[in-house]
Structures are given as structure tokens and as C-alpha cells.
1. When the stretch 102-154 is examined, which residues are found to be over 30 Å from D27 (Cβ atoms) and either modelled with pLDDT under 95 or of a type in the set (D, E, K, R) (or both)?
2. Looking at E281, E297, can you tell me which residue is surrounded by fewer than 21 Cβ atoms within 10 Å (Cβ to Cβ), more than 16 Å from the ligand (Cβ to nearest atom) and modelled with pLDDT under 95?
3. Quick check on this structure: which one of G47, G83, G90, G99 is surrounded by fewer than 16 Cβ atoms within 10 Å (Cβ to Cβ), of a type outside the set (A, V, I, L, M) and either at pLDDT 95 or above or within 13 Å of the ligand (Cβ to nearest atom) (or both)?
4. Could you say which residue among G149, G157, G145 is farther than 13 Å from V287 by Cβ, in contact with a helix residue (DSSP H, G or I) (Cβ under 6 Å, 6 or more places away or on another chain) and not hydrophobic (A, V, I, L, M, F, W, C)?
5. Would you call N329 under 22 Å from M139 (Cα atoms), surrounded by fewer than 16 Cβ atoms within 10 Å (Cβ to Cβ) and either at pLDDT 95 or above or within 16 Å of the ligand (Cβ to nearest atom) (or both)?
6. Among the numbered criteria (1) at pLDDT 95 or above; (2) within 10 Å of the ligand (Cβ to nearest atom); (3) at negative phi, which one does G234 miss?
7. Looking at the stretch 315-329 only, could you name the residues that are over 16 Å from A158 (Cα atoms) and either under 13 Å from the mean Cα position of the chain (by Cα) or without any contact (Cβ under 8 Å) to a residue 40 or more places away in the chain (or both)?
Amino acid sequence: MGFNALVVEKSEEGATSAAVRQLEVADLPKGEVLVAVDYSTVNYKDGLCIGPGGGLVRSYPHVPGIDFAGTVERSEDPRYTPGDKVVLTGWRVGEAHWGGYAQKASVRADWLVPLPDGLTTRQAMAVGTAGFTAMLAVMALEDHGLEPGRGPVLVTGAAGGVGSVATAILAHRGYEVAAVTGRPETEAYLRDLGATTIVPRAELNETTKRPLESETWAGCVDAVGGAMLARVLGQMKYGCSVAAVGLAGGAALPATVIPFLLRGVNLLGIDSVMQPYANRERAWARVAQDLPMDKLEAMVRPATLHDLPQIGADILRGQVQGRVVVDVN
Ligand code: NDP
């Protein structure tokens with residue numbers, strides 16, 4: 001039986017175009033587990049893979065969607081049986097392999113995790129790679145000594161996917177959250193997620209010649225990178241850490257090593273794609289525990305496969321608020 005998928009094609013001139021098409025199970029790449037997908041989502045990387053590719057997509061035609069959640073339909077692996085609810089994030093699915101923007105997906109068993117207790121497939125995709133990564137960032141900060149009461153925690157790119165989930169998790173855990181945004185109209189939304197201070201993006205986008213400024217932040221989840229990250233490093237309190245998650249503002253890091261040497265600041269790299277299984281399970285369990293579901297719901301914008309070309313373009317322009325949940329059916 002045929003099923004719907006968002007298929008991206010590339011012309012001989014190199015232009016990509018995305019449209020919903022009918023595929024057969026026989027069209028899917030070989031995999032140990034066939035999943036009937038319930039929901040997918042839209043991350044920054046999905047914007048690249050729906051559109052220009054960003055060097056991530058290996059070959060065309062391509063089915064993007066770096067995340068999905070659904071039900072096992074067929075499995076050659078003893079860990080999964082038909083009817084099991086599963087989640088997939090990372091492993092270059094949706095980039096180098098066909099992904100979740102389809103009603104069916106064929107993948108390796110190693111890439112799946114069982115749906116965490118207490119979450120629906122829809123909630124798991126409201127979290128998605130962005131929220132899972134926000135959780136990994138909070139875990140890394142806490143593993144390096146962050147605890148409530150040490151001072152405000154900064155979240156950059158706060159109205160985006162990673163930033164929204166990080167804000168809600170940190171506030172729920174009792175941290176004072178300062179949210180950096182370039183969109184003043186998101187202030188009420190960010191305060192509702194639990195931010196107590198709103199920092200205009202322009203305040204941190206300006207470079208400074210001073211390698212150290214006043215010690216302000218007890219921790220930072222940084223989705224922006226670039227000049228903003230460089231600036232934030234010089235504002236960290238003694239011995240505190242920044243979790244570097246993203247590059248929405250640029251990949252270059254125009255910084256000095258002075259905050260590391262004189263203030264013992266730590267820069268912690270966060271990767272969600274190749275994260276080992278044990279830590280994936282730990283992070284998903286923490287999401288179910290630390291992310292209030294009413295706050296998660298407040299972040300959600302529903303969408304269908306047909307909406308994806310537009311939303312993909314919007315997220316590349318920093319125009320998506322919170323998390324998009326794609327009902328592929
Ligand atoms: P979103 O587009 O949802 O969020 C990014 C946010 O960053 C925007 O909403 C905006 O927030 C802010 N922003 C955008 N452009 C700029 C700019 N030029 N300067 C400063 N701020 C800007 O994306 P995601 O939350 O899905 O991803 C955020 C970043 O994290 C991306 O770079 C993504 O690639 C990366 N990422 C990395 C992962 C990993 O494994 N390390 C996993 C997931 C994501 P506002 O309007 O509030 O200012």
C-alpha cells in the first residue's frame with residue numbers, strides 16, 4: 001500500500017524542490033525496523049535538508065525529517081516487536097538516510113529508543129532533537145556543578161526550539177532564567193515558560209575589546225554561537241560553564257582564552273547526533289521528569305507534511321517560535 005512522504009528532488013541546475021508524493025514500502029532504504037510514523041518535527045537542520053541541503057544531504061531524491069516517533073510495524077531485531085512505541089533522533093537520519101517526513105520509515109534498530117514512560121508520540125516530537133539537546137545541555141551544566149541559587153542562567157536564541165525547551169526545563173528545576181531574544185514580541189511567551197529576565201539580542205551581539213566583564217551568569221545554554229558566545233564567555237561567574245549547542249548566529253568564535261585562564265570558565269560541547277544509547281535513555285527519562293507538559297504544549301505549533309517547505313524556509317530565517325509538531329497522517 002502506498003503512503004505519503006515529503007520528497008526533495010534536485011534539478012540538473014542544482015536547485016532543490018520539495019513536494020508530498022506517494023511512495024511504496026519497497027522504495028524505502030533497507031533497515032531492520034519498519035516504523036509507522038505518527039509525528040515528526042522541524043529543527044534548524046530540517047530547514048537545511050528541506051531546502052538548499054547545507055551539505056548535509058548525501059543523495060537525491062531525499063526524504064528529510066531528522067526526528068520521528070511512531071509504532072513498530074515490522075522488526076528483524078529482537079529488541080523491538082510490532083506495536084512497540086519508538087522515538088528516533090540523530091544518527092544523521094533525515095540527512096544521510098531517509099527520515100521522518102513520511103508515514104513509514106525503515107531504519108537500523110540501534111538508532112531507536114523506546115518511547116519514554118509518561119510521554120506520547122506527539123509530546124516526544126514536541127521535544128524532538130531541539131528539546132533533547134536542551135536536556136543534554138542542562139545535564140552537562142549540572143554535571144559540571146550548576147545548581148539553583150548560584151545566580152541567573154542565560155539561554156540564548158531563547159524563543160527558538162532549543163531555547164524554549166531549555167528555558168522551561170531550567171525554570172522548572174528552580175533556576176532563575178535570563179532569556180536572550182531578538183524578537184521583543186516573544187517576551188510574554190518566554191515569561192510564561194519561566195524566564196524572569198529578557199535580554200535583548202542587541203545587548204550581546206556587540207563585540208567588546210574587554211575579554212572579561214562583570215561576573216553575571218552561573219550557567220548558559222547557547223544556541224547562537226558566534227560573537228554572542230564570545231561575549232558571554234567573558235560574563236560568566238568564576239568556575240561556571242557554557243553549554244555550546246548551536247550556531248544560529250555564526251560558527252566563528254571571536255574570543256580570547258582569558259575567561260578560561262583567569263576565571264576557570266568551562267566551554268562544554270553538546271552533540272545530540274552520535275550521543276551514546278545509555279545517555280539517550282538518561283536524557284529522555286529526564287525530559288519526562290523535568291519538562292512540564294503544559295509548558296511543552298504552549299510551545300507547540302501543529303503542521304502537516306504540506307506545510308513543511310514554508311516552515312523549513314521560516315526556521316532558516318529564525319522566524320519559528322518554539323516547536324513545530326508535524327502530524328504526518
Ligand atoms: P531555531 O531556529 O528554532 O532557534 C534558533 C534561535 O536563535 C532563533 O529562534 C532566534 O531566537 C536565534 N537566532 C536566530 N538567528 C540569530 C542570529 N543571527 N543572531 C542571534 N540569534 C539568532 O533552531 P533550533 O532551536 O532548532 O536550533 C538552534 C541551534 O542549535 C541551531 O544552530 C542548530 O543547528 C543547533 N542544534 C544543535 C544540536 C546539537 O546536537 N548540537 C541539536 C539541535 C540544534 P530569538 O528570536 O529568540 O532571538
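The values are calculated or read from the model by the stated rules, or taken from the named source; none is laboratory data. Keep in mind the model is a prediction, meaning the values are calculated, not measured. All Cβ positions, even for glycine, are placed from backbone atoms using ideal geometry, and neighbour counts span all protein chains on display.
1. The answer is P116, D117, G118, E142, D143, E147, R150.
2. Answer to the selection: E281.
3. Result of the check over G47, G83, G90, G99: G83.
4. On inspection, the qualifying residue turns out to be G157.
5. Answer is no for this residue.
6. Unmet condition: (2).
7. Within the stretch 315-329, just V325 meets the criteria.
Conditions (1) assigned by TED's automatic domain parsing to the domain that holds G151; (2) surrounded by 24 or more Cβ atoms within 10 Å (Cβ to Cβ); (3) away from the ligand (no atom under 16 Å from the Cβ), marked per residue:
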site: V199; (1), (2), (3): yes, no, no
site: E215; (1), (2), (3): yes, no, yes
site: C220; (1), (2), (3): yes, yes, no
site: A230; (1), (2), (3): yes, no, no
site: A243; (1), (2), (3): yes, yes, no
